[in-house]
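Worksheet: one structure, shown below.
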Amino acid sequence: MFLSVSHLFAALLFALFTSIVLGVVGRNSDQERIRYGVKVFGYFVVTIFGLGWLMFLGHG
Amino acid sequence: MAEKQMSSKQIPPPQLWAAPVVLAWLLPGAGHFYLKRWNRGGLLLFAIVGMFVFGLLMRGRMFEPETGDLFTTVVNWGGYFGDLATGSLYFLSTWLGYEQERLATAVADYGTKFLVCAGLLNILAIIDAFEIAVGEKS
């Protein structure tokens, strides 16, 4: 069984897993961890869509 | 004072951190379980194993320690260490016969990166387990 996924899905999945780990190891209290994990995931999503639009517009 | 600062920067005794560090390498999150950080260990297990499994499902390729020009050597050895850092996940999947040739598809390329990044994230988890074990973190 192999998966064929879109670029967007793969990038969002990567962002999700990475944000969880960075949230867990990056801060010292549970509340800070959740806030940091959500913030990192948000940055990932903004970057994914930002770069996506940049490539789309740059491609002409 | 200087001597005190020097001694405080020495590596703590291995009996404090060796078990959680080795466990964290062998199974993502296991170092945290050993240190009774159940929730954090569970999240690390979910995220790192999830990334590794998706890497396999996307037909990602395991790196081999190839040498050649500088770029080839750095990429292949770096990727190999990244794959090795997933511990038992790497050993189990190769032992069970997972082998993937180079595929010229974007999804397979993503899969290769997922496999390496799972290892890199596990290195962060290992360092976190070390810091908890030696009392630098709660």
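Readers should treat all values here as calculations from the given coordinates under stated rules, not as data from a laboratory. These numbers come from a predicted model, not from an experiment. Here the Cβ is made from the backbone with ideal geometry for all residues, glycine too, and neighbour counts use every protein chain on show.
What percentages, rounded to whole numbers, describe P(r) for segment B:74-138 computed over all alpha carbon pairs with 10 Å bin width beginning at zero?
20, 42, 25, 10, 2
Ranking A:Thr47, B:Thr86 by Cβ neighbours within 10 Å, fewest first, what do you get?
A:Thr47, B:Thr86
Run through every distinct alpha carbon pair of chain A and return the Kirkwood hydrodynamic radius in angstroms, one decimal place.
With all distinct Cα pairs of chain A included, I get 12.8 Å.
Efficiency by 1/(1 + (r/R0)^6): what FRET value for A:Leu16 and A:Met55, r their Cβ-Cβ distance, R0 = 35 Å, to the nearest 0.05?
0.95
Put a dot 7 Å past each Cα toward the Cβ at A:Leu8 and B:Arg102; how far apart are the dots in nm?
3.2 nm
Consider all pairwise Cα distances in the protein assembly as shown and report the whole-number % of them above 32 Å.
24 percent
Give me the compactness ratio for chain B, meaning the Cα radius of gyration over 2.2 N^0.38 Å.
Scaled against compact globular proteins, the figure is 1.21.
Of B:Lys9/B:Lys137; B:Lys36/B:Lys137; A:Lys39/B:Lys36, which ones are farther than 24 Å apart at the Cα?
A:Lys39/B:Lys36
With chain B treated as a Gaussian network of Cα nodes joined by springs under 10 Å, which of B:Gly97, B:Gly87, B:Gly50 yields the largest mean-square fluctuation?
Judging by the Gaussian network model, the answer is B:Gly97.
Can you put A:Ser6, B:Ser88, A:Ser19 in order, fewest other beta carbons within 10 Å first?
The order, fewest Cβ neighbours first, is A:Ser6, B:Ser88, A:Ser19.
Using only atoms on other chains, find how many Cβ atoms lie within 10 Å of each Cβ of peptide A:12-20 and report the average.
The shielding value for this peptide is 5.
Please arrange B:Met58, A:Met55, B:Met51, A:Met1 by counting, for each residue, the other beta carbons lying within 10 Å of its beta carbon, fewest first.
A:Met1, A:Met55, B:Met58, B:Met51
Once you put a point 7 Å from the Cα of B:Val74 and another 7 Å from the Cα of B:Val22, both along the Cβ direction, what distance in nm separates them?
3.4 nm
Under the rule of at least 5 residues apart or a separate chain, name every residue whose amide H is placed under 5 Å from the amide H of B:Gln100.
HN-HN under 5 Å from B:Gln100: B:Met62.
Based on Cβ point charges of +1 for Lys and Arg and -1 for Asp and Glu, what charge dipole magnitude is obtained for the protein assembly as shown about its Cα centre, in debye rounded to the nearest 20?
Around 660 debye, computed over the protein assembly as shown.
Would you list the membrane-span-like helices of chain B, meaning whole DSSP H runs whose alpha-carbon atoms span at least 30 Å along their axis and whose mean Kyte-Doolittle value is at least 0.5?
Span-like helices in chain B: B:106-133.
Note the full-extension length gain between B:Thr67 and B:Trp38 as 0.36 nm times their separation in residues minus their Cα-Cα distance, in nm to one decimal.
Full-extension gain reported as 6.3 nm.
Counting only other chains, and only Cβ atoms inside 10 Å, what mean value do you get across the residues of B:35-47?
3
Would you compute, from DSSP H runs of 4+ residues alone, the mean residue ellipticity of chain B at 222 nm, taking -39500 (n - 2.57) per run and dividing by the full residue count, rounded to the nearest 500?
-22500 deg cm²/dmol
Would you work out which of A:Gly26, B:Met51, B:Val75 lies farthest towards the positive end of the dipole of the protein assembly as shown? Charges go on Cβ: Lys and Arg +1, Asp and Glu -1.
A:Gly26
Could you tally the net charge around B:Tyr80, taking each other residue with its Cβ under 9 Å from the Cβ of B:Tyr80, Lys/Arg +1 and Asp/Glu -1?
My count for the surroundings of B:Tyr80 gives -3.
Mean-square fluctuation check for chain B, GNM, Cα pairs under 10 Å: which of B:Ala118, B:Ala47, B:Ala106 is largest?
B:Ala106
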